[in-house]
1. Could you check segment 14-27 and list, in sequence order, the residues that are in a loop (DSSP other than H, G, I, E, B), surrounded by fewer than 23 Cβ atoms within 10 Å (Cβ to Cβ) and out of contact with any helix residue (DSSP H, G or I) (no Cβ under 6 Å at 6 or more places or on another chain)?
2. When you scan segment 23-35, do you find a residue that is under 22 Å from LEU230 (Cα atoms) and among the aromatic types (Phe, Trp, Tyr), even just one?
3. Anything in segment 136-182 that is in contact with a strand residue (DSSP E or B) (Cβ under 7 Å, 6 or more places away or on another chain), in a helix (DSSP H, G or I) and of a type in the set (A, V, I, L, M, F, W, C)? List them, or say none.
4. Tell me the helices (runs of 4 or more DSSP H) entirely within segment 66-135 that contain at least 3 residues that are within 27 Å of ASN205 (Cα to Cα) and aliphatic (A, V, I, L, M).
5. Limited to segment 160-169, what total is found for residues that are more than 13 Å from the chain's Cα centre (by Cα) and surrounded by 13 or more Cβ atoms within 10 Å (Cβ to Cβ)?
6. Run down LEU77, LEU87 and say which single residue is in contact with a helix residue (DSSP H, G or I) (Cβ under 9 Å, 6 or more places away or on another chain) and buried (at least 17 other Cβ atoms within 10 Å of the Cβ).
7. Would it be correct to say that PRO149 is touching a Gly at 6+ places or on another chain (Cβ under 6 Å) and closer than 21 Å to LEU95 by Cα?
8. What number of residues in segment 39-63 are assigned to a helix (DSSP H, G or I), surrounded by fewer than 20 Cβ atoms within 10 Å (Cβ to Cβ) and either in contact (Cβ under 8 Å) with a residue 60 or more places away in the chain or touching a Ser or Thr at 6+ places or on another chain (Cβ under 8 Å) (or both)?
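The values are calculated or read from the model by the stated rules, or taken from the named source; none is laboratory data. All values derive from a computational prediction rather than experimental measurement. Every residue, glycine among them, receives a Cβ derived from its backbone with ideal geometry; neighbour counts consider all protein chains shown.
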Amino acid sequence: MKKKKIVLMRHGESQWNQLNQFTGWRDIPLSKKGEEEANYAGKILKKNKFVFDMAYTSVLKRSIHTLWIILNQLDHLWVPVYKSWKLNERHYGALEGLNKKEVEKKYGAKQVILWRRSFKTIPPALHSLDKSYLMNDRKYANLKESEIPLAESLQMTYYRVIDFWKLTIIPQIKKNKNIIIVAHGNSLRALIKYLSVISDTDISNLDIATGSPIIYEFSDQMKPLQYYYL
């Protein structure tokens, strides 16, 4: 049976990952380690003879820079890159910028695990006035106010990611395009939940490593088969 493969990857470690802070939609750059992870991922993909016709990423710089580093390693900087807010990390609301250990001390580890890992639990929302920093960001100038979240559960992230997958990415895979998607821990958890039919309960156990290529295999009829780290 003929198999189609796409590459999924979470960006390399960001500066706020390094500091153990909730990041979400905050546009935080890669750490030095994150740059090294991206370079290593590019080398591994090159060693395994992966080639790409197009690439997708979010509008956040940690994801974009990771993709640039990989494409540079592959001598693929000419490949068309498509960026969408629908591949952004989930919005962590009022938690963004806070240290995870400090949040645990305040709210308890059980509550923080629910906010981070569950499918439907929404973290504390931004005050509507605090939303202005996103509404004034040119990255989101074409979005309706209702599309800019104050906070998101994984379920809310799932809806936008899967919408983008069905309408934009699937048609390109059907054209036999070789695709790499560099996104975020939760946007990729949402996509893998959909593709692998993971339950709302079991998705809490899925974690995505930074800077490690994931190969997702499909049948010739576009049925998801399996995924694994390269």
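1. Answer for segment 14-27, where residues must be in a loop (DSSP other than H, G, I, E, B), surrounded by fewer than 23 Cβ atoms within 10 Å (Cβ to Cβ) and out of contact with any helix residue (DSSP H, G or I) (no Cβ under 6 Å at 6 or more places or on another chain): LEU19, ARG26.
2. no
3. If we filter segment 136-182 for residues that are in contact with a strand residue (DSSP E or B) (Cβ under 7 Å, 6 or more places away or on another chain), which is where we start, we get 169, 172-173, 177, 179-182.
Then keep just the ones that are in a helix (DSSP H, G or I); that gives 169, 172-173.
Matches in segment 136-182: ILE169, ILE173.
4. On the way: elements: 100-107, 109-117, 132-135.
Here the list reads 109-117.
5. Quick first cut of segment 160-169, residues more than 13 Å from the chain's Cα centre (by Cα) only: 163, 166-169.
Of the ones still in play, those that are also surrounded by 13 or more Cβ atoms within 10 Å (Cβ to Cβ) are 168-169.
Adding up the residues that qualify gives 2.
6. Answer to the selection: LEU87.
7. Numbers: touching a Gly at 6+ places or on another chain (Cβ under 6 Å): no; closer than 21 Å to LEU95 by Cα: yes.
Answer is no for this residue.
8. The initial filter retains those residues of segment 39-63 that are assigned to a helix (DSSP H, G or I), namely 39-47, 61-63.
Within this subset, residues satisfying the condition of being surrounded by fewer than 20 Cβ atoms within 10 Å (Cβ to Cβ) are 39-40, 43-44, 46-47, 61.
Going one step further and asking which of them are either in contact (Cβ under 8 Å) with a residue 60 or more places away in the chain or touching a Ser or Thr at 6+ places or on another chain (Cβ under 8 Å) (or both), we end up with 40, 44.
Result for segment 39-63: 2.
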